[in-house]
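**Q** Quick one: the structure is below, and I'll ask about it shortly.
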Amino acid sequence: MPARPKADIDFANLAFAYQPTDVNVRYTWRDGKWDRGVETDSQTLPLHIAATCVHYGQAVFEGLKVYEAKDGRVLCFRINENAERMAHSAGTLMMEAPPVALFREAVFRVARANQRFIPPHGSGASLYVRPLLIGTGARVGVRPADEYLFLVLVTPVGPYFKQGFTPTKLVVEEEFDRAAPLGVGNAKAAGNYAAGMRATMRAREAGFGEVFYLDAREHKYVDELGAANFFGITADKHYVTPQSVSVLRSITNKSLRTLAPDLGFQVEERAVPAEELESFVEAGACGTAAVITPIESITIRGKQIVYLKDGKPGPHCTALYERLTAIQLGDAEDKYGWTEEIET
Ligand SMILES: Cc1ncc(COP(=O)(O)O)c(C=O)c1O
């Protein structure tokens, strides 16, 4: 396949940050139906001053990545999972969700229209896709909007951490909770991220990479990070990950749970008491942005549990990371059929 012309960007040195591309796509739900959508180069939104997204937080989003394979094919990873999770999030916030077919069409359309921003294979970068659904109808009383905007933007991103697959230090947060047990923690609701900012900023100021939350009801079990799921690895190769109603169902974690047995791990998805953190030989945070971030240490109730003494990723996290990224990039056999080619 002939190489496509690329945007004049230093793809190998991209940060995980927003950078403008050629177009975003926008679909409107009005009078009970979705329109055919438009492509626009505008980076702003005309928004009613009483829109429900602004006043009452009717806003959910998704995050997935598009990669260029070695042979030039453009691949996306488990897109239907993201479409279904957006529908779940939308339902949780009483919003109108784009059907799976529309979600797919929107992502393919925006990726195609921004082809020159898809980072070249081997650059370590990818095209981050951010579908966003917001209530745009005007309401002063608290109730669902009668109009929604489904927007998909893309931006080329480098690894979440500049050096790539780099360990991070976590701190367990007990003064703030991320999500209530019967709340909206398992939806990708924009408000969950605003709610977590106090804790994250405080952790960063104290020299930690991210916050690790316990279950809100008892502060007894581990839940997840601000924007990633958690897993621990035991000495006898068990991949242990929390089962909790308030955790976002990570597609990366789901994929790792499928791949782990292929690599000789036994998978346990269950409540994980905080005391068990000391028993893990390795631990990781997983999510689309970083795939796996090995956890260097977790500080809990004044005590630091150290997993990586030399600051280098451990062999288990490395094996899982390499297997998953090889599939995402089209470098390894995709026996589960997770990647899909976007015809360009
Ligand atoms: C709160 C939270 N948990 C977990 C994840 C990881 O989910 P995924 O692997 O689907 O990106 C994310 C990121 O999307 C997140 O924001």
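Nothing in this text is a laboratory measurement; each read-out follows from the coordinates by a stated rule. The structure displayed is predicted, hence computed values, not measured ones. Please note: Cβ atoms are built from the backbone with ideal geometry, for glycine as well, and neighbour counts cover all protein chains shown.
**Q** Using modelled backbone amide H atoms (1.01 Å from N, in-plane), which distant-in-sequence or interchain residues come within less than 5 Å of LYS65's amide H?
**A** Correct list: PHE77, VAL129.
**Q** Here's a follow-up. Looking at this model, which pairs from LYS169/LYS312; LYS220/LYS303; LYS237/LYS335; LYS33/LYS188 are more than 19 angstrom apart at the alpha-carbon?
**A** LYS237/LYS335; LYS33/LYS188
**Q** While we're looking at this one, here's another question. Hey, in the GNM for the chain with a 10 angstrom Cα cutoff, which one of LEU151, LEU102, LEU133 fluctuates hardest?
**A** Comparing LEU151, LEU102, LEU133 in a Gaussian network model of the chain, the most mobile one is LEU102.
**Q** Any aspartates and glutamates with Cα under 17 Å of the LYS254 Cα? List them, leaving off those in the same chain fewer than 8 positions away.
**A** GLU62, GLU81, GLU84, ASP223, GLU224, ASP262, GLU268, GLU269, GLU322, ASP334
**Q** Could you state the number of Å between the C-alpha centres of the range 174-239 and the range 253-293?
**A** 15 Å
**Q** Find the all-direction average of the projected area of the Cα convex hull for the chain, expressing the result in square nanometres with one decimal place.
**A** 17.5 nm²
**Q** Mind listing the long-range amide H neighbours of TYR221? Cut-off is under 5 Å, sequence gap 5 or more, other chains count too, H placed in the peptide plane at 1.01 Å from N.
**A** ASP215, ALA274
**Q** Could you quote the convex hull projected area for the range 156-301, Cα atoms only and averaged over all directions, in nm²?
**A** Averaged projected area of the range 156-301's Cα convex hull equals 8.7 nm².
**Q** Over the range 87-170, what lengths in whole Å, largest first, do the semi-axes of the equivalent ellipsoid take, defined as the square roots of 5 times the eigenvalues of the alpha-carbon gyration tensor?
**A** 32, 18, 10
**Q** If R0 is 35 Å, what FRET efficiency do you get for ALA7 and ASP331 from their C-beta distance, rounded to 0.05?
**A** The pair ALA7/ASP331 has a calculated efficiency of 0.90.
**Q** How large is the dipole of the chain about the Cα centre if only Lys and Arg carry +1 and Asp and Glu carry -1, each at its Cβ, rounded to the nearest 20 debye?
**A** 420 debye
**Q** Give, as a single signed number, the net charge of other residues whose beta carbon lies under 10 Å from the beta carbon of THR234, with Lys and Arg counted +1 and Asp and Glu -1.
**A** Taking every Cβ under 10 Å from that of THR234, the sum is -3.
**Q** Tell me the net charge near VAL157. Cut-off is 11 Å between Cβ atoms, VAL157 excluded, with +1 for each Lys or Arg and -1 for each Asp or Glu.
**A** Within the 11 Å Cβ shell, the charges total +2.
**Q** Could you pull out the longest piece of the chain with no exposed loop trypsin sites (Lys or Arg not before Pro) in it, calling a site exposed if DSSP puts it outside H, G, I, E, B and it has at most 13 other Cβ atoms within 10 Å?
**A** Formally, the longest exposed-site-free interval is 71-161.
**Q** What does the extension gain come out to for ALA194 and ILE305, with contour length at 0.36 nm per residue minus their alpha carbon separation?
**A** Contour length minus Cα-Cα distance gives 37.1 nm.
**Q** Moving on. To the nearest 0.05, what FRET efficiency results for LYS70 and LYS33 with a Förster distance of 45 Å applied to their C-beta separation?
**A** Given R0 = 45 Å and the Cβ-Cβ separation, E is 0.60.
**Q** Please give me the summed charge of the neighbours of PRO273: other residues whose Cβ is under 11 Å from its Cβ, Lys and Arg +1, Asp and Glu -1.
**A** Here the charged neighbours net out to -3.
**Q** Report, by chain and number, residues whose modeled amide H sits under 5 Å from the one on PHE230, excluding near sequence neighbours (fewer than 5 apart, same chain).
**A** So PHE230 has HN proximity to LEU225, CYS286.
**Q** Let me ask another. Label VAL54 and VAL100 with points 7 Å out from Cα along Cα→Cβ: what is the distance between them in nm?
**A** 3.6 nm
**Q** Per residue of the range 120-130, in order, report the coupling 6.51 cos²θ - 1.76 cosθ + 1.60 (Karplus, θ = phi - 60°) as ³J(HN,Hα) in whole Hz, putting x for Gly and Pro.
**A** x, 3, x, 7, x, 9, 8, 9, 7, 10, 10
**Q** Then there's this: Using the basic label-point model (7 angstrom from Cα toward the beta carbon), what is the GLU341 to LEU45 distance in nanometres?
**A** The two pseudo-label positions are separated by 3.5 nm.
**Q** So, one more: Using θ = phi - 60° and the Karplus relation 6.51 cos²θ - 1.76 cosθ + 1.60, list the HN-Hα couplings for the range 292-305 in order, rounded to whole Hz, with x at every Gly or Pro.
**A** Those phi angles translate into 10, 10, x, 9, 6, 7, 10, 9, 9, 6, x, 10, 9, 9 Hz.
**Q** Hey, another quick one. For the chain, what does the helix formula give at 222 nm: sum of -39500 (n - 2.57) over DSSP H segments with n ≥ 4, over the residue count, nearest 500 deg cm²/dmol?
**A** -6500 deg cm²/dmol
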